[in-house]
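Peer 1: Sharing a structure below in structure tokens format, with a few things to ask.
The values are calculated or read from the model by the stated rules, or taken from the named source; none is laboratory data. All values derive from a computational prediction rather than experimental measurement. So basically every Cβ, Gly included, is an ideal-geometry build from the backbone, and we count neighbours across all protein chains shown. The area values use the complete protein model at the heavy-atom level, side chains included, leaving out ligands, DNA and RNA. Shrake-Rupley method; radii C 1.70, N 1.55, O 1.52, S 1.80 Å.
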Amino acid sequence: MLRLGFAIIGVIIINATFAFIQEYRAEKSIEKLKLLLPFYVKVTRDGKDKEIPANEVVPGDLIILSEGDKVPADSRVIDARYLTVNNAPLTGESEPVPLTHEPCGGELIESKNIAFAGTAVLSGSGKAIVFATGMKTEFGRIAHLTSAVRPGLTPLQKEIAKATRIVALLATVIGITFFIIGHFIGRTFWENFIFAIGVIVALVPEGMLPTVTLSLAIGSQRMARRKALIKTLSSVETLGAVTVICTDKTGTLTQNRMEVRKLFCNGRILEFKECNHIEVLDLLKIAYLCNNAKFVEGRYKGDPTEIALLKAAKETANYFEAERISEIPFDSERKRMTTLNVSDEKVFAFTKGALESVFPLCSRILVNGQPMPINEALKKETFEACHCLMDMGLRVLSFAYKEIERPEVLEINPCVIETDMVLAGLIGIEDPPRPEVPGAIRKCHAAGIKIIMITGDGGKTALAVAKEIGLVKGDVLVMEAQEFGRMGNKELREGLSREEVIFARMTPKHKLRIVSLLKEMGERVAVTGDGVNDAPALKKADIGIAMGISGTDVAKESAEMILLDDNFATIVNAVEEGRAIFENIRKFIAYFFTSNIAELAPYIIFVLFRVPLPLTIMQVLAVDLGTDMLPGLALGAEKPTRDIMKYPPRGPKERLLSFKILGLVFLLLGPVEAAAGLFGFFYVLKHGGWHWGEMLSANNTLYLQATTACLTGIVVTQIANVFTCRSFRESVFSMGFFSNRLIFIGILFELLLQLFIVYTPLGNGIFSTSPIHLTAWLILVPFMFLILFADELRKSRAGRGLLITSA
């Protein structure tokens, strides 16, 4: 009894220690993976602009702020160009706060010339001098006073907790029931007590919880190798349940390697590389000057679209002399940007943006170098050219300019700048699709996952790209911002229920509305985003996916997953891994529960018939926390099966511990294993001269050999069962018998441990065993093949639709 007590305490300690180690290793691995995405800051040091890690920023540094940046330290603004920030991390108010370089009085937290650490730049640009870092910042003081908040349970954790409670309750009820039955059939209290404890221990899969943690950790590491960084372990499994992916076009479906291909000016569409550069000089001058990309130290830096424009302009004239004096930054609502430049002692406004945004600002159009009043014919010609370029799959930008007659009024009323402008022309930019995207889209369609493109580009461009990559084929609904804004939620739901739908000219607030409606419709949504204003949609989605290369710090903080290569195919790979994680958890649950059924059967035989107990509690523990552990962990590391993306996503009500899994375990796998163990037990007893009804003492050699044979029968059949549980649908022979080498390491450990238990004095003493003859092993081998081929027959018949698949 003392040994049994220590054994049960040992089970608790081992299980808790193992779970702690795996959770600790998982958290450490996530921390290491996060180092792949360091937080960089633009600073000016020694007269040069450079990027440094945020933790290297020191007081006195001159930092450069632009839209989407996270402020690394408390800083005094010395230059602000329409600079606005979100101080919500400090104040809780998410309203944009405009900053200025002018002196301010009052409380520091209310100052309009201070950019605080942890806040986000919403728009504009500026420069600031750092005066406080780390815990000396306002954010650091608040963090020092704030206690840690314990995160809530994830759906998977709730599901595991629910399964654990069910198993614990079931085991306790069955244990108490058989304790009472034993009392009525005349067994002693201690016999019944040991029996009840044995039933409870036999039914509880002690190795399940640490294996779940390890499976999630392995999944996250495997995703990182496939360029998807998962910030929380629970998000790994959540990905597998996604039914809709809302994706951007540029950089995700396309390569984000922009190149100017076509121009429209003087009423003609021209091939850029073949056109007369003098003819398009005015157009390219605007593209050069209304541009924030830079050519520094032999490299282009900036937004890919602006880099493409800068390259094209440099190929034409290399350099345009003009000093920028002010800027109205690009805004997702306005869809344009404007700069003010001094050229030839005159002040000009240069504007670029979407044609529908820029054209209403123009009263004239440049034709053969002369501004001409816009009439219906010129308007029609311009929009037809734009649609023609879009149909080629090009991103189209329009360019306009005007000379400012009275520059002194600009500071008073900047809105007068974007009026009465001259349209210089259009530029079509090509962004080729990623070559791996069509295959990823086909995989999504086969998996029952709907893909919705949400882009800021025009509808025709989006449709041309969608057709090229195979996203749409039939009757597609293309909805642009104006139509979207007029629609009510009911109409939008009808649109979202269509098989193929594309949203064009969308803003981040439109994206948030789409995600919200999809969730209301019962969909589980993954959404991509890279801008500051994408953060609400990323938070709202079941899985927010930020771009690792082009994404802002704010977007990355809001997302659960970060694409290290900004590639749509990586999302699909992550979904595949997410599905595999859920399947793997089911696999080792089936594996552990099978041996639990085999361990329970001897206790039922013991209480119902007058026979010795075929399996002791210590031997049950030897299986649950010994021989089963490494093979179970190997199942947790199983790679996705070939057919995992050929089935629709699992339903929201689908349980981890489903009736189909329980049916497979209780009606097929478990009974075969139980039969193997009991056959070994009675075979040894029979050949040792035992007679039915004869009770043997606990230290009787024949009894010890018989229980050893029962234990060996369970271990031997579990070797076959680990292959059976590798897939609930696919034959183990078709998926590659040797494709998971960890299983063979687990089996080797299982056999070596069993040999230690059976054939060493120490193993005999701990687990109440005795050496058995080779014959006892050989008679159990047929049960290995029986369990393997019985399940292969089930899979074969289920594949032909004659039986319901088991998972």
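Peer 1: Looking at (1) open to solvent by less than 40 Å² (accessible area, probe 1.4 Å); (2) part of a helix (DSSP H, G or I); (3) charged (D, E, K, R), find the lone condition where Glu468 falls short.
Peer 2: It fails just one condition, (1).
Peer 1: Further question: For the stretch 536-543, does any single residue satisfy the condition of being in a helix (DSSP H, G or I), over 18 Å from the mean Cα position of the chain (by Cα) and without any contact (Cβ under 8 Å) to a residue 24 or more places away in the chain?
Peer 2: no
Peer 1: Among the numbered criteria (1) open to solvent by 20 Å² or more (accessible area, probe 1.4 Å); (2) more than 20 Å from the chain's Cα centre (by Cα), which one does Glu523 miss?
Peer 2: (2)
Peer 1: For the structure I just gave you, tell me whether Ile278 is outside any helix (DSSP H, G or I), out of contact with any strand residue (DSSP E or B) (no Cβ under 9 Å at 6 or more places or on another chain), surrounded by fewer than 21 Cβ atoms within 10 Å (Cβ to Cβ) and aliphatic (A, V, I, L, M).
Peer 2: Considered against the rule, which asks whether it is outside any helix (DSSP H, G or I), out of contact with any strand residue (DSSP E or B) (no Cβ under 9 Å at 6 or more places or on another chain), surrounded by fewer than 21 Cβ atoms within 10 Å (Cβ to Cβ) and aliphatic (A, V, I, L, M), Ile278 comes out as yes.
Peer 1: Spot the failing condition for Ala481; the list is (1) at pLDDT below 90; (2) farther than 30 Å from Pro640 by Cβ; (3) open to solvent by 50 Å² or more (accessible area, probe 1.4 Å), and only one is missed.
Peer 2: Condition not satisfied by Ala481: (3).
Peer 1: Among the residues of the stretch 59-71, is there at least one that is in contact with a Ser or Thr (Cβ under 6 Å, 6 or more places away or on another chain), outside any loop (DSSP other than H, G, I, E, B) and at pLDDT below 85?
Peer 2: So far as the stretch 59-71 goes, no, none of its residues is in contact with a Ser or Thr (Cβ under 6 Å, 6 or more places away or on another chain), outside any loop (DSSP other than H, G, I, E, B) and at pLDDT below 85.
Peer 1: Counting just the residues of the stretch 630-665 that are at pLDDT below 80 and of a type in the set (A, V, I, L, M), which one comes out nearest to Ala580 (Cα to Cα)?
Peer 2: My answer is Leu656.
Peer 1: I need every pair where a residue in the stretch 507-523 that is within 15 Å of Thr243 (Cβ to Cβ) has its Cβ under 6 Å from the Cβ of a residue that is crowded, with 20+ Cβ neighbours inside 10 Å and not hydrophobic (A, V, I, L, M, F, W, C), sequence separation at least 6 or different chains.
Peer 2: Glu523/Thr243
Peer 1: Also, quick follow-up: Scan the stretch 557-569 residue by residue and report those that are surrounded by 24 or more Cβ atoms within 10 Å (Cβ to Cβ) and not in a loop (DSSP other than H, G, I, E, B).
Peer 2: Met561, Ile562, Leu563, Phe568
Peer 1: Just give me the residues in the stretch 48-67 being without any contact (Cβ under 8 Å) to a residue 24 or more places away in the chain and crowded, with 16+ Cβ neighbours inside 10 Å, in sequence order.
Peer 2: Ile52, Ala54
Peer 1: Quick check on my filter: what residues within the stretch 316-341 are small (Gly, Ala, Ser) and within 40 Å of the chain's Cα centre (by Cα)?
Peer 2: Within the stretch 316-341, just Ser332 meets the criteria.
Peer 1: Just to be sure, is Thr419 among the hydroxyl-bearing types (Ser, Thr, Tyr) and part of a helix (DSSP H, G or I)?
Peer 2: no
Peer 1: If you don't mind, another one. Yes or no: the stretch 245-267 includes at least one residue that is more than 24 Å from Lys653 (Cα to Cα), touching a strand residue (DSSP E or B) at 6+ places or on another chain (Cβ under 7 Å) and among the aromatic types (Phe, Trp, Tyr).
Peer 2: yes
Peer 1: Continuing with the same structure: Right, Leu635: touching a Gly at 6+ places or on another chain (Cβ under 7 Å), farther than 25 Å from Glu523 by Cβ, touching a residue at least 12 places away in the same chain (Cβ under 8 Å) and of a type outside the set (Val, Ile, Thr) or not?
Peer 2: For Leu635, the condition - touching a Gly at 6+ places or on another chain (Cβ under 7 Å), farther than 25 Å from Glu523 by Cβ, touching a residue at least 12 places away in the same chain (Cβ under 8 Å) and of a type outside the set (Val, Ile, Thr) - is not met.
Peer 1: Have a look at Arg261, Arg222, Arg187, Arg257 and point out the one that is assigned to a strand (DSSP E or B), surrounded by fewer than 23 Cβ atoms within 10 Å (Cβ to Cβ) and of a type outside the set (S, T, N, Q).
Peer 2: None of the other options fit; the residue is Arg261.
Peer 1: For the structure I just gave you, tell me whether Gly680 is closer than 25 Å to Pro631 by Cβ, open to solvent by less than 20 Å² (accessible area, probe 1.4 Å) and without any contact (Cβ under 8 Å) to a residue 12 or more places away in the chain.
Peer 2: So Gly680 fails the test.
Conditions (1) buried (at least 20 other Cβ atoms within 10 Å of the Cβ); (2) on the phi < 0 side of the Ramachandran plot; (3) more than 18 Å from the chain's Cα centre (by Cα), marked per residue:
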position	(1), (2), (3)
Met208	yes, yes, yes
Ser215	yes, yes, no
Val242	yes, yes, no
Leu253	yes, yes, no
Cys265	yes, yes, yes
Asp303	no, yes, yes
Lys314	no, yes, yes
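Peer 1: State whether the residues of the stretch 704-714 include one that is among the hydroxyl-bearing types (Ser, Thr, Tyr), in contact (Cβ under 8 Å) with a residue 24 or more places away in the chain and not in a helix (DSSP H, G or I).
Peer 2: Checked against the condition, which is being among the hydroxyl-bearing types (Ser, Thr, Tyr), in contact (Cβ under 8 Å) with a residue 24 or more places away in the chain and not in a helix (DSSP H, G or I), the stretch 704-714 yields no hits at all.
Peer 1: All but one of (1) modelled with pLDDT of 90 or more; (2) crowded, with 17+ Cβ neighbours inside 10 Å; (3) closer than 17 Å to Gly459 by Cα; (4) in contact with a helix residue (DSSP H, G or I) (Cβ under 6 Å, 6 or more places away or on another chain) hold for Lys511, so report the exception by its number.
Peer 2: (1)
Peer 1: Check Val722, Val715 and return the single one that is over 21 Å from Thr775 (Cβ atoms) and modelled with pLDDT of 90 or more.
Peer 2: Going through Val722, Val715 in turn, the sole match is Val722.
Peer 1: When the residues of the stretch 724-756 are narrowed to those that are touching a residue at least 40 places away in the same chain (Cβ under 8 Å), open to solvent by 60 Å² or more (accessible area, probe 1.4 Å) and part of a helix (DSSP H, G or I), which ends up nearest to Ile585 (Cα to Cα)?
Peer 2: Checking each candidate, the answer is Leu742.
Peer 1: Now a separate question. Only one of these is open to solvent by 40 Å² or more (accessible area, probe 1.4 Å), at pLDDT 90 or above and not aliphatic (A, V, I, L, M): Tyr703, Tyr759. Name it.
Peer 2: Tyr759
Peer 1: Okay, moving on. Here is a check on your reading of the model: is Leu83 among the aliphatic types (A, V, I, L, M), crowded, with 20+ Cβ neighbours inside 10 Å and at pLDDT below 90?
Peer 2: yes
Peer 1: Contact list please: Cβ distance under 7 Å, first residue in the stretch 94-114 and within 14 Å of Ser75 (Cα to Cα), second residue assigned to a loop (DSSP other than H, G, I, E, B) and among the β-branched types (Val, Ile, Thr), pairs at least six apart or on different chains.
Peer 2: Lys112/Thr100; Asn113/Thr100
Okay, residues lined up against (1) more than 23 Å from Thr382 (Cα to Cα); (2) small (Gly, Ala, Ser); (3) crowded, with 18+ Cβ neighbours inside 10 Å; (4) out of contact with any Pro (no Cβ under 9 Å at 6 or more places or on another chain):
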residue	(1), (2), (3), (4)
Ile325	yes, no, no, no
Arg336	no, no, yes, yes
Leu340	yes, no, yes, no
Asp344	yes, no, no, yes
Phe350	no, no, yes, yes
Ala354	no, yes, yes, yes
Val358	no, no, yes, yes
Arg364	no, no, no, no
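Peer 1: With the structure loaded, tell me whether Pro671 is modelled with pLDDT under 90 and open to solvent by 20 Å² or more (accessible area, probe 1.4 Å) or whether it fails that test.
Peer 2: In short, no.
Peer 1: Filter the stretch 109-135 for residues that are outside any strand (DSSP E or B) and touching a Phe, Trp or Tyr at 6+ places or on another chain (Cβ under 9 Å); which is modelled with the lowest pLDDT?
Peer 2: Filtering first and then ranking leaves Ile109.
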